[in-house]
């Protein structure tokens, strides 16, 4: 298994975690659950510049690979960052929506904490950005996973 497999596993996990959330979009009166993407937001079709077509962008959760660290004698460490984005014209709802999603994710991660061969380790760090691009609200969660060490293959002549 690779870090890409971990990102894909987390995307599917997060879709289930947030399935009952219904948050504001930039289209007046329309709400929806957050979209979950691996890596980055998808780009719009170049032919379709309709600004109103983008309610899928917010709310959203991006699952990003940050780094991995291989130690020859220990299991590998992979760091993932979740970027949580919400939309609200109400300052008191905007930051709360973002923090509520992060809290729900953290709770569910701690319940499951194993995703195939990957296991959640260390701390889960959640942070809301000090400066927000209102009415867009953002926060991040940094999480680390352990990937079992690959076993060395020995040739018969090594015995």
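Every residue, every condition in (1) surrounded by 12 or more Cβ atoms within 10 Å (Cβ to Cβ); (2) at pLDDT 95 or above; (3) part of a loop (DSSP other than H, G, I, E, B), yes or no:
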| site | (1), (2), (3) |
| --- | --- |
| 44 | yes, no, yes |
| 67 | no, no, no |
| 94 | yes, no, no |
| 138 | yes, yes, no |
| 153 | no, no, yes |
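Write out, first by first residue and then by second, each pair whose Cβ atoms fall under 8 Å of each other, whose residues are 6+ apart or on separate chains, and whose first residue, in segment 19-42, is at positive phi and surrounded by 12 or more Cβ atoms within 10 Å (Cβ to Cβ) while the second is assigned to a strand (DSSP E or B) and modelled with pLDDT of 85 or more. Listed by first residue and then by second, the contacts come to 39/62; 39/63; 39/64; 39/65. Out of 121, 101, 105, one residue alone is assigned to a strand (DSSP E or B), surrounded by 12 or more Cβ atoms within 10 Å (Cβ to Cβ) and modelled with pLDDT of 90 or more. It is 121. One residue alone among 74, 112, 69 is farther than 24 Å from residue 131 by Cβ and in contact with a helix residue (DSSP H, G or I) (Cβ under 8 Å, 6 or more places away or on another chain), and that residue is 112.
The values are calculated or read from the model by the stated rules, or taken from the named source; none is laboratory data. Predicted model only: the values in this text are computed from it and were never measured. Using ideal geometry, Cβ is built from the backbone for each residue, glycine included, and neighbour counts are taken over all protein chains shown.
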